[in-house]
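These notes concern the structure reproduced below.
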Amino acid sequence: MSWRFGPQDTQDTTRMSEWERATYEYAREHALTRRKVLGLAGLGVGAALLDPLAAAQAAGSTAAQGGSLIVARGQATDTLDPQKTALLVAHEIMFQIYDSIIYLDEFGRIYPGLATAWKFSPDHLTLTFKLRRGVTFHDGTPFDAHAVKFSLDRHQAKATASPTAYMAGPLVRVEVVDPYTVAFHYTQPFVALWVGLSYSYLAPISPTAVKKYGTLYGRNPVGTGPYKFVSWTPDETITLAKNPSHTWSTSFYKDTNGSPLMRGPALDSVEFRVIPSDTTRVSALLSHEIDMIAGTNAVPDNQVTFLRKASGIQVVQRSAVGVYYATLNTKKPPLNDVRVRQAINYGVDKEKLIKLAVGGQGKPATSLVASAYGDYDPNVQKYPYDLAKAKALLKAAGADKGFSVDYLNIEGPEFDLVAQSVQEDLSKLGITMKITSVPVAQWAATGQTQKPAIGFIYYTYSDPDVVVLLAQTGSPFEWTYHGDKTLDAWLLAQRVEFNPAKRRAILYKIQERINKLAYYLYLWEGRYSVAARTNVKNIHIDLVGFIHAQEITKA
């Protein structure tokens, strides 16, 4: 088969195999529905292929250069080792430090990253990449096929215990073909392969740095990206500096007019500062202390209307692709009774929660598969607020005399309000809910250790394959402990079914089973927001809610 060099829009699809065409169509199909939800239908679908040499020559020719950007966040990062975390607050920083092998946009198009071309084997079990030449890691280590193999081998190793190992799918080995050619070998054709490869969790890391820093690598990250790590202070401020060697750009990055970015990074430095208090964060923006509020739940939803009207402030928004929900531990009585879990679902008023806790910035969630996905089942069993039905179910289960549950929460003003809203609603059912709030950096480990009765959780991801991470028995974030072998089989089956209609049928069955058995308490689907001073230019929010520092300039 021939090599592919960029967005499949530019390719002659008649020369592709059925399998290769299916992987592109699969990515595109999910993106089409997301485009309508995200309001992007008018952007057009053409994409120019970016020549890296042309980009190098054009770098910095039109954009304002220099300056520093101070970004306020609400949550602290746990680690900057991409193989040791699954948190969005890590990805939003790592995306600036590491280059992905490829990039995937909201239209389902695959763009060159550290790989400039790729091709499939006739049996669909091997994907071979041509790698970008002349790239070095921030510590001077050459980027090549050996670095890619080292990174993926470490990511998949049992000793690493990466929470995102599932993203690589049924990857059995990585082969160095030559210094700038690497082959990924799979045990089965993997339909969602482009999704995982587009995230920083699977990005190449410096073998030299890993060996040098060992267990401290997460505090000393080294990638090839547009910005390099400088410092991480005790007050949770992470500072990055421009990588002067990053003179190229991928056509995934966009300029002010939506055309491919033809330059390297413009800003000299970017500082990500954690300010836990919503009020203090907003005040810092209004007083010019910071330039931007961005990141996971950083812009307070109940302040969006106020910020839109504030002088010198701009707000950029887009609908989120993800779900805020809570796990219900099926091993803790009386939650081991499906009727009790169903009662909890009927007993929480999601409309009230959205209005009071998140400023009306969202809509009720009804499935583990976000409604923005093309594989969301609109007819799945739902749990509208119905206090009478909830009480009847508890009585039928013999749990109407009251009981107590613990609730693990992620620390933060908005999430605290959500927890209090749920607590108030459950009290009407005679359920006493004890809330424990921990910083997001400690949340995953706490949940896996304490196994709470109810555990608050949320995700943002660009493909419904995320259900494997969330619902597969043994997954780091499967906190319902359902042990459901039928569900587990379906979760794995959807991963390797590249016929869109057949895969959708499997995902529909997954959603129906999960909802019927009430493994989760769905809460809401939200919006991504960025608030910034008006002198900050070229702000784009990507599909998982983050800014790209390489795109941004400052007047």
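Just a yes or no: is a residue in region 488-506 more than 19 Å from the chain's Cα centre (by Cα), closer than 28 Å to residue 426 by Cα and buried (at least 21 other Cβ atoms within 10 Å of the Cβ)?
no
Mind checking whether some residue in region 488-497 is among the acidic types (Asp, Glu) and either in a helix (DSSP H, G or I) or outside the structural domain of residue 341 (by TED's automatic domain parsing) (or both)?
Taking region 488-497 and keeping what is among the acidic types (Asp, Glu), we get 488, 497.
If we keep only those that are either in a helix (DSSP H, G or I) or outside the structural domain of residue 341 (by TED's automatic domain parsing) (or both) too, we end up with 488.
Yes: region 488-497 contains one or more residues that are among the acidic types (Asp, Glu) and either in a helix (DSSP H, G or I) or outside the structural domain of residue 341 (by TED's automatic domain parsing) (or both).
From the list 186, 227, pick out the single residue that is hydroxyl-bearing (Ser, Thr, Tyr), buried (at least 17 other Cβ atoms within 10 Å of the Cβ), touching a Lys or Arg at 6+ places or on another chain (Cβ under 8 Å) and not assigned by TED's automatic domain parsing to the domain that holds residue 496. Step through it out loud before you land on a result.
On the way: 186 fails: touching a Lys or Arg at 6+ places or on another chain (Cβ under 8 Å).
After applying the criteria, what remains is 227.
Going through region 338-370 one residue at a time, which ones are out of contact with any Leu (no Cβ under 6 Å at 6 or more places or on another chain) and over 24 Å from residue 467 (Cβ atoms)?
349, 351, 352, 355, 356, 359, 360, 361
Hey, residue 523 hits all of (1) over 21 Å from the mean Cα position of the chain (by Cα); (2) closer than 18 Å to residue 376 by Cα; (3) not in a loop (DSSP other than H, G, I, E, B) but one; which does it fall short on?
Result: residue 523 fails condition (1) only.
Considering only region 313-322, I want to know if a residue exists there that is part of a loop (DSSP other than H, G, I, E, B) and not polar (S, T, N, Q). Reasoning before the result, please.
Taking region 313-322 first, the residues part of a loop (DSSP other than H, G, I, E, B) are 320-321.
Then keep just the ones that are not polar (S, T, N, Q); that gives 320-321.
Yes.
Just one of 421, 437, 404, 427 is at negative phi, without any contact (Cβ under 8 Å) to a residue 24 or more places away in the chain and hydroxyl-bearing (Ser, Thr, Tyr); which is it?
Details: 421 fails: without any contact (Cβ under 8 Å) to a residue 24 or more places away in the chain; 437 fails: without any contact (Cβ under 8 Å) to a residue 24 or more places away in the chain; 404 fails: without any contact (Cβ under 8 Å) to a residue 24 or more places away in the chain.
Only one candidate qualifies: 427.
Name the residue, out of 298, 284, 203, 294, that is small (Gly, Ala, Ser) and assigned by TED's automatic domain parsing to the domain that holds residue 536. It would help to see each step written out before you state the result.
Values: 298 fails: assigned by TED's automatic domain parsing to the domain that holds residue 536; 284 fails: assigned by TED's automatic domain parsing to the domain that holds residue 536; 294 fails: assigned by TED's automatic domain parsing to the domain that holds residue 536.
Just a single option satisfies the conditions, and that option is 203.
Would you please name the residue that is nearest to the chain's Cα centre (by Cα), looking only at residues in region 112-162 that are farther than 29 Å from residue 261 by Cα and of a type in the set (S, T, N, Q)?
Restricting to residues being farther than 29 Å from residue 261 by Cα and of a type in the set (S, T, N, Q), the top hit is 162.
I'd like the full set of residues that are free of Cβ contacts under 8 Å to residues at least 60 places away in the same chain and assigned to a helix (DSSP H, G or I), limited to region 448-487.
448, 449, 450, 466, 485, 486, 487
Consider residue 234 against the criteria (1) closer than 25 Å to residue 79 by Cα; (2) within 25 Å of the chain's Cα centre (by Cα): it satisfies all of them except one. Which criterion is unmet?
Only one criterion is unmet by residue 234, namely (2).
Checking the structure you have, find out if any residue of region 336-348 is in contact (Cβ under 8 Å) with a residue 24 or more places away in the chain, assigned by TED's automatic domain parsing to the domain that holds residue 417, within 25 Å of the chain's Cα centre (by Cα) and surrounded by fewer than 18 Cβ atoms within 10 Å (Cβ to Cβ).
At the first step, the residues of region 336-348 found to be in contact (Cβ under 8 Å) with a residue 24 or more places away in the chain are 337-348.
If we keep only those that are assigned by TED's automatic domain parsing to the domain that holds residue 417 too, we end up with 337-348.
Filter once more, keeping what is within 25 Å of the chain's Cα centre (by Cα): none.
Within region 336-348 (the criterion being in contact (Cβ under 8 Å) with a residue 24 or more places away in the chain, assigned by TED's automatic domain parsing to the domain that holds residue 417, within 25 Å of the chain's Cα centre (by Cα) and surrounded by fewer than 18 Cβ atoms within 10 Å (Cβ to Cβ)), the answer is no, since none of the residues qualifies.
The values are calculated or read from the model by the stated rules, or taken from the named source; none is laboratory data. Keep in mind that what you see is a predicted model, and the values were worked out from it rather than measured. All Cβ positions, even for glycine, are placed from backbone atoms using ideal geometry, and neighbour counts span all protein chains on display.
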